[in-house]
Amino acid sequence: MQFRDLGAQYKVLKPQIDEAILSAVGEGRYISGPQVKELEERLAAYVGVKHCITCANGTDALQLALMAWGIGSGDAVFVPDFTFFSSGEVVSAVGATPVFVDVDERTFNLDPVKLEEAIISVRNTGGLKPAAVVAVDLFGLPADYPAIKPICEKYGLKLLEDGAQGFGGAIGDDLVCSFGDVSTTSFFPAKPLGCYGDGGAVFTDDDEWAALIRSYAVHGKGSFKYDNVRVGMNSRLDTIQAAVLLAKLDAFIDNEIAAVNEVALQYNEALSGSALILPYIPTGYTSSWAQYTVQLPGDIDRDALQAALKERGVPTMVYYPKPMHEQGAFKGGCVVGSGGCAVTKRLCSTVLSLPMGPYVAEKDVAFGANELIAVLDC
Ligand SMILES: *Cc1c(COP(=O)(O)O)cnc(C)c1O
């Protein structure tokens, strides 16, 4: 059993993926080939947003949004304390200050009450200007946008949705990457929609920001490639990666989101009644299940549990072992939201992610769940 079995997907989709890669190589338009434009059009239509701009990875996608908004020194950007490093890294990379805010213990996502408290506190402290919120769709579950959006509007903050793990998720009929003023995703191989290398995309309805992001992504280009009107970066999605994504997209939309939700239900059933706290999906929300993450009882030795499970053939991972505000990279360069981040701290020591993906077999779910319960009880 593998933690994320990308080979299982390749086995199913091999004919169209091989054909897409070979065609792209044969056509020889390795950078900005027609597949890139086609992918952008298909992704924008799928998400229901006017513009999709692909780029080199999900981290660049976030940074491009902040660059287009002109966020930098003196700006405070509110980021959940429980997330992957990139969500906060890009804030520091553009010279702004990340303010880490605690998360909700059931959804693992940004706690709107604590967000508002942190905004007020930064405003009252002076020095930094509240500028934007990065809301992360952690483990595939959309953040609490019905609560977060009005807070952003109330305080005049831009909302950046980090949908790197949430692509394919939804609230009602509204899909992930449609919730932010600008939204981003990642096509890193293990993400819900992954390519065979690095890749990312930015989504927005705003024409002006879309044009700026396109410019920043290609060396700050102006009217043509060798007219450089601003300092940008080199961040493009390769044609081959676009071709791989196009070859995977129908299966992703038509089968894989439903399949991975079926796997989650199987886990829920197999683990119900155990001492574990199972993932919580609010009514009306759909997760794309980048991870299936349980919370262990506080007194369990997680390292020993992982080692025992590994021995029994069940790989597990810890996402994430460290709160963002404790990362050495942010030492002296971040603010912790008022009230601290006690929930994040507890989650970092109790979470455990199990093998997940649309091609995980029912018997493997049963096996993994049984082994976990058996090891927990001994
Ligand atoms: C993976 C990830 C990113 C960064 O994506 P890359 O393509 O690896 O740069 C950003 N935010 C979150 C929450 C992620 O999980």
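What follows is calculated from the coordinates using simple rules that are stated; it is not laboratory data. Small disclaimer: the values here were computed from a predicted structure and weren't measured. Cβ placement follows ideal geometry from the backbone for every residue including glycine, while neighbour counts extend to all protein chains displayed.
Observations, loosely collected:
- 3J(HN,Hα) couplings calculated from phi for region 185-193 with the Karplus curve 6.51 cos²θ - 1.76 cosθ + 1.60 (θ = phi - 60°) are, in sequence order, 9, 10, 10, 3, x, 8, 6, x, 10 Hz; Gly and Pro show x.
- Computed over region 230-378, relative contact order equals 33 percent, with contacts defined as Cα pairs under 8 Å that lie 6+ residues apart.
- Over all directions, the projected convex hull of the C-alpha atoms in the chain averages 18.7 nm² in area.
- Most simply put, the chain has about 55% antiparallel DSSP beta bridges, counting only bridges with both residues inside it.
- Farthest positive-ward along the chain dipole, Cα basis, beta-carbon charges - from Ala210, Ala329, Thr350: Ala329
- Rounded to whole Hz, the Karplus (6.51, -1.76, 1.60) HN-Hα couplings of region 281-295, x for glycine and proline: 10, x, 4, x, 8, 10, 9, 9, 6, 4, 9, 10, 10, 9, 10
- Its Cα gyration tensor gives region 1-131 an equivalent ellipsoid; the semi-axes, largest first and in whole Å, are 38, 20, 13.
- In a DSSP loop and with at most 16 other Cβ atoms within 10 Å, the chymotrypsin sites (Phe, Trp or Tyr not before Pro) in region 1-57 are Phe3, Tyr30.
- Between amide H atoms placed 1.01 Å from N, distances below 5 Å from Val360 occur with no residue 5 or more places distant or on a separate chain.
- Neighbours of His51 by Cβ distance under 9 Å: Lys/Arg scored +1, Asp/Glu scored -1, total -2.
- Rounded to the nearest whole Hz, the Karplus-based 3J(HN,Hα) values (6.51 cos²θ - 1.76 cosθ + 1.60, θ = phi - 60°) of region 81-91 follow the sequence 6, 10, 6, 6, 3, 3, 4, x, 4, 5, 5, with x at glycine and proline.
- When the pairs Lys114/Lys331; Lys11/Lys363; Lys221/Lys331; Lys11/Lys191; Lys248/Lys345 are compared against a 26 Å limit on Cα-Cα distance, Lys221/Lys331; Lys248/Lys345 fall above it.
- Ordering 218-229, 132-143, 306-317, 168-179 by mean Cβ neighbour count within 10 Å, with the highest value first, yields 132-143, 168-179, 306-317, 218-229.
- GNM remark for the chain: springs join alpha carbons under 10 Å apart, and the peak mean-square fluctuation among Ala242, Ala361, Ala201 falls on Ala361.
- Near the amide H of Lys158, within less than 5 Å, lie the amide hydrogens of Ala132, Val133, all on another chain or at least 5 residues away, with H placed in the peptide plane.
- Between the amide H of Ala164 and those of Asp137, Ser186, distances stay under 5 Å, these residues lying 5 or more places away or on another chain, with hydrogens modeled in the peptide plane.
- Within the listed set Thr239, Thr125, Thr204, the residue fluctuating most in the Gaussian network model of the chain (springs between alpha-carbon atoms under 10 angstrom) is Thr125.
- By the helix-only formula, in which each DSSP H run with n ≥ 4 contributes -39500 (n - 2.57) and the sum is divided by residues, the chain has a 222 nm mean residue ellipticity of -13000 deg cm²/dmol.
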